[in-house]
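Data first, discussion second: the structure below is written as structure tokens.
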Amino acid sequence: MSRYDVIVVGVGAMGSATCLTLARRGVRVLGLERHGIPHDQGSSHGQSRMIRCAYYEHPDYVPLLLRSWELWEQLGEEAGRQSLYATGGLYMGPPGSEFVESSLQAADTYGLEHERLDRSQLQERFPQFDLPLDFIAMRESKAGFLVPEWCIEDQVRLARSHGAEIHEYESVESWDSDAGGVQVQTAAGTYTAGHLVLCAGAWMPQLSKSTLPLHVTRQVLGWTKPVDPSVLRLGTLPVWAIDCPGEGQLYGFPLTEGLPGPTGFKAAMHAPGVPADPNTIDRESRPGDDATFIDRVRDWIPAAGSELDAMRICMYTNSIDEHFIIDGHPDHSHVTIATGFSGHGFKMSSVIGEVLADMSTEGRSDHPTAFLKISRLA
């Protein structure tokens, strides 16, 4: 039986960052991942993930995002590979759009560099978009995208270099805890530790031994064949999102060469999809999967075209209020839970790694995560 200080279950976005942070601190950590690292079976793949700092969802996310940005830059320097691309962000919507107006308010509150654009300014500076005449817009400087596969690869490689033990293709069969710590059983053996961190994405509803209000949904990512690539390239187009009130946000990225995955123009709808089980989900793209985004891309971004180049399937693990759940387990004092990232957690995974490392070794964190406690869902 092998003994560790901390065992981390799930070595995706959150788990890889947690393993790296713990290993840097000299903690003896074991990471267990049911798939390879990285993989395309969960929520942390698909070439790009947006990072924006003027967060409208809750003001306490902003300091987490600013620290995350620092950590992503640090990762690139230490790993010798760029995984954060600073492009700026462009957010658009109809008059009174909560997405735009609250993002402006967040930027004002935290002194983030930004500007409000009226329809004529938007048309002059970003003619790629053909939006209704009454739409409003905001441009944010501190925004861009991350390459999720590279982030996870680099965090795991560096974690191992700092002494972390990370096992791929090893599923957790069961776990338990007592006054002395935790025990984790896999097909390969039994491991014990002082603390257990559970951050297994879409498998958390079955793994967590709790009744947290979580639901997993199937999400579609799409890439079109652009008719005018020149106006959509990195350096010309920022990351962007368009508010569709009552439905979510259509969002996408500039064309960027050299990234893993499809080569077209990526766009998708940020909103929970159809319910799914991670063990039985249909991972193949089907006719009609593009219905949530393709018509809007064609109408609002003519240069992107309407012919699909590729689609990919991932998952959201949604909380009831779409805020993260980061807290001690309600029934097991040696266990910390990180789940319910609801499709917007990857950008903050580097700082969440710090939070989970703090909680698993010190029992608390100085990062502003009180609003993410389980008690709010009572």
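Here, each number is a calculation from the coordinates, and none is a lab measurement. Here the structure is a predicted model, which is why all the values come from computation and not from measurement. Because the Cβ atoms are built from the backbone with ideal geometry, glycine has one as well, and the counts that use them run over all protein chains shown.
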For S2, other-chain or 5+-apart residues with amide H closer than 5 Å (H placed, Pro excluded) are T190, T192
Filtered pair list for the chain (Lys only, Cα < 20 Å, 8 or more apart or interchain) has a length of 5
By the mean-Cβ-within-10 Å protection proxy, highest first, 249-257, 107-115 rank as 249-257, 107-115
For the chain the mean separation of alpha carbon contacts under 8 Å (6+ apart) over residue count, i.e. relative contact order in percent, is 24 percent
A student applying the Cα gyration tensor rule (rounded when a/c is under 1.5; otherwise prolate if a/b is larger than b/c, oblate if not) would label the range 1-64 oblate
Yeah, the range 1-121 with a ≥ b ≥ c from its alpha-carbon gyration tensor (a/c under 1.5 is rounded, else prolate when a/b outruns b/c, oblate otherwise) is prolate
Checked the range 323-378 with the C-alpha gyration tensor, a ≥ b ≥ c its square-rooted eigenvalues, rounded below a/c of 1.5, otherwise prolate if a/b is larger than b/c and oblate if not; verdict oblate
Here the net charge surrounding I51, from other residues whose Cβ is less than 10 Å away from its Cβ (Lys, Arg +1; Asp, Glu -1), is +4
Taking every other residue with Cβ under 14 Å from the Cβ of H332 and scoring Lys and Arg +1, Asp and Glu -1, one gets -3
Scoring only Lys, Arg, Asp and Glu (+1, +1, -1, -1) among other residues with Cβ under 10 Å from the Cβ of Y316 yields 0
per DSSP, antiparallel bridges as share of beta bridges in the chain, % nearest 5, sits at 70 percent
With -39,500 (n - 2.57) per DSSP H segment of 4 or more residues and division by the full residue count of the chain, the 222 nm estimate, nearest 500 deg cm²/dmol, is -7500 deg cm²/dmol
Checked against the structure, the computed Kirkwood radius over Cα pairs in Å among (1) 22.9; (2) 21.1; (3) 22.3 is the one labelled (2)
In degrees, nearest 10, the alpha-carbon axis of helix 98-110 is tilted away from the dominant principal axis of the alpha carbons of the chain by 70 degrees
Sorted on mean Cβ neighbours within 10 Å (highest first), peptides 52-61, 125-134 come out as 52-61, 125-134
The helix 148-161 Cα axis meets the longest alpha-carbon principal axis of the chain at an angle in degrees, between 0 and 90 and rounded to 10, of 30 degrees
